[in-house]
Amino acid sequence: MKNIEKAVKFLQNTYNSSDYFKQNPNAKEYRYQHTLRVSKIAMDLSEKEDLDKDIAVIGALLHDISYTIEFENKEDWENHGRNSAKMIQPFLMQLDLTKKQRVEILLGVANHVDGNSDFEGDLTSNSLTIIDSDNLDRFDTFRTFESLSYDRFYDKKIEDQLKYLKHRVDRITTLMKAEKEFATKTAKSMWRERLLKQKEVYEDLSRQLKEGANFLEIVGN
């Protein structure tokens, strides 16, 4: 765990010294918590699938480290995986890792946005688990709440709320039918479980909203 502990300290030090994060503490906290969740997913996957924990977890910890520098345009965001990989390359040389392990981390981090990398090599199950872990965090209870807040769900009229929820349920249904590829069976199972949980939340919200209208129908108003 020494390599992972060093990566955590490197992450924290980089975040704490970021001028952008000093001016935007909410952005820092959001990115930090996302990173920790992704890292826990990577640890769980590596343990259940007998993968290289150093590669998966260190990559997860450092995959978004370029967020410490403000993005000025869409291109900056599109390149943030590749930029993160470049930023962590010198640090990885300080860890007790083989060249192969370092390459696998760099490939996972560089590829996690759009599947393109500046580094030569093939994506392994270890590298892909970094990417899978980031994707899995996008579909859980916190992200459900985040979507509702970001889209100002509570400010909408009830008919628009119901349309919104139907759209979300339809989107999840489409994702489930798409059979997205993952590096491991465990990741794929987690994906389906998280999609089902999100779908249940949106469906339950819709049901509760409809209960008021159903009550009026019962009493004849």
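The values are calculated or read from the model by the stated rules, or taken from the named source; none is laboratory data. All values derive from a computational prediction rather than experimental measurement. Ideal geometry is used to build each Cβ from the backbone, glycine not excepted, and the neighbour counts take in all protein chains shown. Surface accessibility is based on the protein's heavy atoms, side chains included, excluding ligands, DNA and RNA. Shrake-Rupley method; radii C 1.70, N 1.55, O 1.52, S 1.80 Å.
For region 121-133, the count of residues that are within 20 Å of TYR32 (Cβ to Cβ) and among the polar types (S, T, N, Q) is at least one. With respect to being touching a residue at least 40 places away in the same chain (Cβ under 8 Å), crowded, with 24+ Cβ neighbours inside 10 Å and touching a Leu at 6+ places or on another chain (Cβ under 6 Å), LEU61 fits the description. Restricting attention to region 67-102, the residues being open to solvent by less than 20 Å² (accessible area, probe 1.4 Å) and under 17 Å from GLY115 (Cβ atoms) number 4. Among what's in region 2-11 and is open to solvent by 40 Å² or more (accessible area, probe 1.4 Å) and in contact (Cβ under 8 Å) with a residue 12 or more places away in the chain, pick the residue that is nearest to SER133 (Cα to Cα). So, considering only residues that are open to solvent by 40 Å² or more (accessible area, probe 1.4 Å) and in contact (Cβ under 8 Å) with a residue 12 or more places away in the chain, the one nearest to SER133 (Cα to Cα) is VAL8. Residue count for region 163-189 satisfying the condition of being modelled with pLDDT under 95, under 20 Å from ARG143 (Cβ atoms) and among the aliphatic types (A, V, I, L, M): 4. Please tell me if LEU196 is open to solvent by less than 90 Å² (accessible area, probe 1.4 Å), in a helix (DSSP H, G or I), among the hydrophobic types (A, V, I, L, M, F, W, C) and in contact with a Leu (Cβ under 6 Å, 6 or more places away or on another chain). Here the answer is no, as LEU196 does not meet what is asked. Within region 26-45, the presence of at least one residue that is of a type outside the set (Val, Ile, Thr), over 18 Å from ALA187 (Cβ atoms) and open to solvent by less than 40 Å² (accessible area, probe 1.4 Å) is confirmed. Pick from region 136-162 the residues that are exposed (fewer than 13 other Cβ atoms within 10 Å of the Cβ) and of a type in the set (S, T, N, Q): which of them is modelled with the lowest pLDDT? The residue in question is THR141.
Summed over region 46-71, the residues that are in a helix (DSSP H, G or I) and touching a Phe, Trp or Tyr at 6+ places or on another chain (Cβ under 9 Å) give a count of 5.
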